[in-house]
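In what follows, a structure is listed as structure tokens, so that the remarks can point back to it.
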2 protein chains.
Amino acid sequence: MKHIAESTVRRLSLYLLFLEEFEARGLDTISSTELAARGGTTSTQVRKDLSFFGSFGKRGLGYPVVELASRIRQILGVEREWSVVIVGAGKIGLALAQYRGFAQRGFQVRAVYDSDPAKIGTRSDGFVIRALDSLPSDARVEPVDIAVLAVPAPAVQRVADLVVDAGVRAILNFAPHQLKVPAHVAVKTVNMAMELEGLSFVLTNHDD
Amino acid sequence: MKHIAESTVRRLSLYLLFLEEFEARGLDTISSTELAARGGTTSTQVRKDLSFFGSFGKRGLGYPVVELASRIRQILGVEREWSVVIVGAGKIGLALAQYRGFAQRGFQVRAVYDSDPAKIGTRSDGFVIRALDSLPSDARVEPVDIAVLAVPAPAVQRVADLVVDAGVRAILNFAPHQLKVPAHVAVKTVNMAMELEGLSFVLTNHDD
DNA sequence: CCTAACTTGTGAAGAAATTCACAAGCCCTG
DNA sequence: CAGGGCTTGTGAATTTCTTCACAAGTTAGG
């Protein structure tokens with residue numbers, strides 16, 4: 001398959017979000033124009049994005065909502081379940097552990113890890129915090145697809161190395177630190193301060 | 001000024017992160033190559049990004065670490081303080097309220113709001129949860145630059161409308177919902193499930 | 001002071017992403 | 001069953017972003 005741009009994948013996620021809203025409202029079909037209006041993009045962009053994966057619409061009519069949603073889920077790989085672990089039982093880690101948005105999309109949080117002895121063994125939101133050291137052996141028993149890292153920046157590279165060694169092939173990193181991982185491991189970093197900086201830039205350089 | 005790409009701004013944030021590391025390590029100068037290696041980009045990209053804003057380096061030598069960091073802070077508008085409020089005193093909102101990464105960059109969390117009467121008035125991490133209804137009058141007394149929205153998706157548009165009416169000009173949205181706001185308001189949405197979907201896509205379509 | 005080894009800054013080239021423009025298909029109405 | 005009004009799918013054009021290539025400036029060493 002031709003290389004798909006990251007931006008296209010992000011938009012597909014958005015489209016899926018809207019399709020599920022439309023699905024809930026019982027609509028049968030939706031046009032690229034409606035989908036675009038909802039997501040702040042253009043109808044051409046919607047059609048181009050979808051065209052990379054096939055032809056899902058009917059000319060003159062639009063796209064069948066349920067079917068398109070299902071196809072996008074397939075494309076994104078979210079029609080199956082993914083096994084997720086959270087590393088870091090701080091405020092952010094625990095908030096993520098109980099976040100419903102993950103489960104809704106088939107991301108099953110299996111366990112929460114921490115290296116702080118004071119936290120290990122304690123219960124929070126139905127999770128018993130496990131020792132980080134036990135992650136590799138746990139992962140052998142029950143493979144982990146995605147590790148969410150919510151640990152302090154100075155520790156995150158070490159933790160990333162550990163989860164990669166444990167066979168994890170995708171990492172969602174919340175620490176403000178750029179990870180170095182082998183090529184076969186996918187990483188996304190969410191840097192919340194960076195997002196605010198983006199807003200700060202706009203506020204500062206906005207000519208009004 | 002020429003229009004600056006979002007991707008450039010994101011990279012500037014990254015450069016600043018690295019520069020502060022270098023600063024802490026006491027290095028005087030840094031080359032575009034070193035900066036690039038650290039952030040997974042190319043030296044040309046670094047120089048091009050910086051060139052939009054001026055010439056900060058010395059040929060043959062590199063960039064003065066402290067000065068470049070300071071200039072980037074200026075460009076991003078983070079050499080000043082920004083007044084931030086959090087709306088939504090759920091797990092995620094409270095985690096964000098106490099997140100140190102914000103304060104480190106001059107983003108001062110002034111207050112946490114919620115509309116749940118059971119939460120209003122309770123104390124958490126040093127914040128007394130305020131009634132969402134009081135946000136507009138609070139904002140008149142002490143202006144709010146940025147609102148961070150950590151409320152359920154169905155409520156977020158209503159909340160966004162409220163904070164925009166209260167004079168907020170930038171929103172960081174954590175709800176999985178695309179906001180509609182007036183043109184003069186800057187919005188960034190962090191959709192955590194969407195990030196996982198991006199990883200899911202890579203895991204699914206990765207040919208190995 | 002001259003040369004070698006770096007490094008920046010930047011037009012120009014190249015690649016990638018988005019938008020344009022339109023043929024082709026579908027549905028509804030009369 | 002013909003025509004009008006929509007809508008998709010997609011090559012081509014355009015715009016945007018990245019990379020190339022190199023002149024020009026700096027330092028260090030002999």
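Per-structure values
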item: Average partner coverage of B:5-17, which counts Cβ from other chains inside 10 Å; result: 4
item: Copy-to-copy label separations for residue B:37, where each label sits 7 Å from Cα toward Cβ, in nm and ascending; result: 5.3
item: Label point 7 Å beyond Cα along the C-beta direction, distances from residue A:205 to other copies (nm, shortest first); result: 3.0
item: Per-q log10 I(q)/I(0), region B:1-119, q = 0.09, 0.12, 0.18 Å⁻¹ (Debye; single scatterer per alpha-carbon; no solvent); result: -0.33, -0.54, -0.93
item: Per-peptide average of other Cβ atoms within 10 Å, ordering B:127-134, B:58-65 highest first; result: B:127-134, B:58-65
item: Folded to 0 to 90 degrees: helix B:192-205 orientation relative to chain B principal axis, Cα; result: 50
item: For the A-to-B rotation axis, chain A residue with nearest beta carbon and its distance in angstrom; result: A:95, 2
item: 222 nm mean residue ellipticity, helices alone, for chain A (DSSP H n ≥ 4; -39,500 (n - 2.57); rounded to 500); result: -13500 deg cm²/dmol
item: q = 0.06, 0.07 Å⁻¹, the protein assembly as shown: log10 I(q)/I(0) [Debye, one scatterer per Cα]; result: -0.26, -0.36
item: Within 10 Å of each Cβ in A:91-102, the average number of Cβ atoms from other chains; result: 5
item: Rounded tilt (10° steps) of B:65-76 against the dominant C-alpha axis of chain B; result: 40
item: Cα-Cα separations in chain A greater than 25 Å, expressed as whole percent; result: 50
item: Spatially near lysine pairs across chain B, Cα under 30 Å, sequence gap of 8 or more or different chains; result: 12
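Any read-out appearing in this document is the output of simple, stated calculations on the displayed coordinates, not a laboratory observation. Fair warning: this is a prediction, and the values are worked out from it, not measured in the lab. When we count neighbours, we look across all protein chains shown, and the Cβ atoms used for this are built from the backbone with ideal geometry, even at glycine.
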